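I have placed the structure first, in the form of structure tokens, so that the comments after it can refer back to it.
The values are calculated or read from the model by the stated rules, or taken from the named source; none is laboratory data. Only a predicted model underlies this, so the values are computations on that prediction, with no experimental measurement involved. In this analysis, Cβ positions are derived from the backbone assuming ideal geometry, glycine residues included, and neighbour counts consider all displayed protein chains. Ligands, DNA and RNA are stripped out before the accessible areas are found, and what is left, the full protein with its side chains, is counted by its heavy atoms. Shrake-Rupley method; radii C 1.70, N 1.55, O 1.52, S 1.80 Å.
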Amino acid sequence: MPAAGIETGGARPAQSYWNESWERLRANRIGMTAGILIVVLAAIAVMAPLFSLVLTHYQPQTINLDQTFAKPGAAHLLGSDELGRDTLTRLIWGARVSLGVALLTVALSLSVGTTVGMVAGYYGGWIDDVLMRLVDTVLAIPAIFLFILMSILFRPNAFTLAAIIASVGWGSVARLVRGEVLSVKQRDFVVATRSIGASDSRLMVRHLLPNVLPVLIVAASLGVGQIILVEAALDFLGLGIQPPTPSWGNMLTNAQSYFFRSGWLVALPGITIFITVLASNLFGNAIRDAFDPRLKS
Amino acid sequence: MTQPLLQVQDLHTVFSTKEGQVKAVDGVSFELNAGETLGIVGESGCGKSVTALSIIRLQRPGRIVGGKVMFKGQDLTRVSEDEMREIRGREIAMIFQDPMTSLNPVYRVGWQVGEPTRLHNGLDARKAFSSAVSMLGRVGIPSAASRARDYPHQFSGGMRQRAMIAMGLTTTPHVLIADEPTTALDVTIQAQILDLLRDVNRDFGTATILITHNLGVVAGMCQRLIVMYAGKIVEAGPTADVFAHPKHPYTWSLLRSIPRLDAETHEPLKPIEGLPPNLVDLPSGCAFHPRCAFRVEKCSRDVPALLRVGDTQQSACWVTQSGTELKGG
């Protein structure tokens with residue numbers, strides 16, 4: 001940028017909306033800690049095979065009947081279960097499932113919800129009516145029964161599970177986006193952009209979408225914790241990821257029977273879920289405060 | 001007589017509301033010649049903005065229910081949406097009242113000012129940005145190269161309006177519609193923006209439609225002027241003649257309601273009695289008659305047509321059409 005340096009007379013920092021939000025986020029220590037924790041968890045999940053090789057020296061599904069119910073110690077850092085499988089290894093691999101499903105679900109419900117909400121809010125009229133009644137319908141169905149039904153119909157793996165959870169989740173995103181579009185649409189730049197010959201799709205994608213992006217980011221970050229909980233609950237009920245693939249939820253199911261004998265089998269996945277969800281929610285709140293200070297309660 | 005650049009013929013635009021149908025534009029006809037500046041004057045809600053928006057078919061949620069907008073041999077009310085998009089921004093550009101909200105807050109000013117050239121002239125992002133920078137320089141943005149990298153909230157109101165004008169000009173359109181371009185600005189900035197519009201008109205030869213409620217703005221800018229009231233044109237003519245001898249009581253009252261620096265005696269200003277009419281339920285006959293000091297019996301019964309009165313003007317008034325001069329105190 002050669003020209004910029006010469007011509008800025010009274011140099012003031014170009015504070016964009018994103019810069020300001022980032023500054024506010026950085027100043028929030030609890031939020032940043034939670035954010036870093038999530039990044040670390042995600043990194044661990046991504047590198048699970050590496051951890052298996054280097055750190056724990058176990059594979060998540062390797063059965064070793066000589067070392068069942070091992071207490072946490074040198075051989076098994078966090079103990080082992082009734083089939084002698086290493087708990088730490090299974091927790092690490094379980095993170096892949098939990099975080100992977102959460103990410104996929106957020107991506108799915110955001111893209112569907114944003115599209116529907118954008119179209120409904122932008123065009124209004126009967127299109128809005130039809131789409132929003134559809135959303136009302138989806139949100140009126142008790143989610144747990146829908147999950148149970150769909151889990152029976154489709155053999156759940158990470159992808160179908162994400163699709164199942166997102167099939168409900170997109171509704172609230174659509175409502176959120178529609179509301180935001182309705183308000184942004186009133187601003188003069190929309191008609192100004194139309195006056196230069198921009199098409200509807202260009203207006204929606206290039207002009208309205210960036211303006212609703214902050215609420216999307218907030219919705220996404222607040223949604224993650226909730227989805228992890230839902231996913232764990234489905235796994236726990238046997239409606240989600242099926243054993244022997246480890247997930248935090250089905251590890252809990254498995255451990256029920258050994259609650260008094262080997263408490264760590266219950267405690268460890270429980271604590272992991274708890275910390276992850278707490279971190280997600282704290283980070284989500286921090287994101288919300290950073291992007292939309294008006295919403296701060 | 002050369003063909004006018006833009007011809008609006010008997011345009012009707014309506015809005016459907018719960019209370020009934022609002023005829024926001026009710027049979028408006030006018031012409032715009034190449035290179036001229038035409039003023040459209042009227043108070044809030046008289047249909048001047050809707051007229052302008054209807055020209056480029058952005059009157060939504062209103063509907064154009066009649067009339068033609070002839071531009072370069074085609075009727076803009078009939079061309080396809082795709083063709084219309086090609087005309088918007090390329091042939092006819094528009095700038096709006098409130099520069100504070102007319103720019104998208106999430107993009108750099110240069111990006112936005114360059115957007116019409118990306119849409120219409122096929123420029124890539126880099127070229128569009130540099131054309132935006134040079135246009136921003138021409139409309140008087142200091143250090144345009146660095147200011148183009150700013151976001152709209154870093155611009156003052158006057159600078160944003162300059163940026164909007166620059167955005168309108170990047171494609172060198174034939175018509176520039178300025179809808180109350182100075183209303184939201186303070187007085188010194190108003191004068192600068194009007195000077196800029198005058199320069200644009202001279203340097204680019206862009207025909208300009210200037211919409212305003214401010215007669216003073218029209219006096220300094222426009223060769224011809226149209227006065228609208230309740231969706232109709234009530235008077236039209238060369239600015240100097242209309243100011244000297246208004247041929248419609250509404251124009252006459254408007255001119256008496258503005259202060260004059262050259263007045264010999266300090267007369268109190270004369271506001272127009274009454275309120276603007278409710279567009280859902282217009283008075284019978286001439287819509288202005290309840291507020292008119294010259295009304296005769298016919299005024300509440302029959303709607304006057306816009307007819308030639310005097311040598312150069314047109315007026316829709318039974319009184320002046322019958323030859324009566326508007327006088328009084």
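The table below gives the values:
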| read-out | value |
| --- | --- |
| Förster radius 41 Å - calculated FRET efficiency between A:L278 and A:Q61, Cβ distance, rounded to 0.05 | 0.90 |
| Shielding of B:99-110 by partner chains, average beta-carbon count, 10 Å | 5 |
| Residue-averaged beta-carbon neighbours from other chains (10 angstrom radius) around B:134-146 | 2 |
| Segment B:126-161 and segment A:243-262: distance between their alpha carbon centers, rounded to Å | 63 Å |
| Size-normalised alpha-carbon gyration radius of the protein assembly as shown, reference 2.2 N^0.38 Å | 1.31 |
| Candidate aspartates and glutamates for bridging to B:K72, where Cα separation is under 12 Å - those fewer than 8 sequence places away on the same chain excluded | B:E91 |
| Evaluated at q = 0.26, 0.28 Å⁻¹: base-10 log I(q)/I(0), Debye formula over Cα of segment B:246-321 | -1.22, -1.30 |
| Cβ crowding within 10 Å averaged over residues, with A:39-52, B:97-110 ranked highest first | B:97-110, A:39-52 |
| Residues in segment A:174-202 occluded by at least 20 Å² - accessible area, probe radius 1.4 Å, against chain by itself | A:R187, A:D188, A:F189, A:V191, A:A192, A:R194, A:S195, A:I196, A:G197, A:S199, A:R202 |
| Cα long-axis angle, helix A:158-185 against chain A (0 to 90 degrees, to the nearest 10) | 20 degrees |
| Solvent-accessible area buried by A and B, counting both chains, probe 1.4 angstrom, square angstrom | 2600 Å² |
| Rounded accessible area per residue of chain B, 1.4 Å, Å² | 44 Å² |
| B:V309 long-range amide H proximity, modeled H, under 5 Å | B:Q314, B:S315 |
| Rg over Rh, two decimals, segment B:112-184 (C-alpha only, Kirkwood Rh) | 0.95 |
| Sorted peptide list for B:24-35, B:243-254, B:8-19, criterion being average Cβ within 10 angstrom, highest first | B:243-254, B:24-35, B:8-19 |
| Hz values of 3J(HN,Hα) by residue in segment B:211-217 - Karplus curve (6.51, -1.76, 1.60), Gly and Pro given as x | 9, 7, 9, 9, 5, x, 4 |
| q = 0.24, 0.27 Å⁻¹, segment B:236-283: log10 I(q)/I(0) [Debye, one scatterer per Cα] | -0.98, -1.07 |
| Length-normalised contact order of chain A in % [C-alpha pairs under 8 Å, at least 6 apart] | 23 percent |
| For q = 0.15, 0.17, 0.24 Å⁻¹, Debye-computed log10 I/I(0) when each Cα of segment B:39-153 counts as one equal scatterer | -0.83, -0.98, -1.30 |
| Simple label model, 7 Å out from Cα along Cβ direction - A:A233 to A:R29, nm | 3.5 nm |
| Whole-Hz ³J(HN,Hα) from phi, Karplus 6.51 cos²θ - 1.76 cosθ + 1.60, for segment B:308-319, glycine and proline x | 5, 10, x, 7, 10, 10, 10, 8, 10, 8, 4, 5 |
| Relative packing of B:266-277, A:160-171, A:203-214, which averages over residues the other C-beta atoms within 10 Å, highest first | A:160-171, A:203-214, B:266-277 |
| Distance from segment A:191-233 to segment A:84-105 (C-alpha centre basis), Å | 29 Å |
| Stokes-Einstein translational diffusion, chain B - Kirkwood Rh over all Cα pairs, 1.002 mPa s, 20 °C, in µm²/s | 103 µm²/s |
| Surface share of carbon and sulfur [accessible, 1.4 angstrom probe, percent] for the protein assembly as shown | 60 percent |
| Sites B:D302 and B:Q3, calculated FRET efficiency, Cβ-Cβ separation with R0 30 Å, nearest 0.05 | 0.30 |
| On Cα atoms only, tilt of B:125-138 relative to the major axis of chain B in degrees | 50 degrees |
| For B:Q313, net neighbour charge (Lys/Arg +1, Asp/Glu -1) across residues whose Cβ lies under 14 Å away | -1 |
| Segment A:31-295 pair-distance distribution - Cα-Cα, 5 Å bins, rounded % | 1, 6, 11, 14, 15, 14, 11, 9, 6, 5, 3, 2, 1, 1, 0, 0 |
| With Cα atoms, 0 to 90° folded angle of helix A:17-27 axis to chain A main axis | 40 degrees |
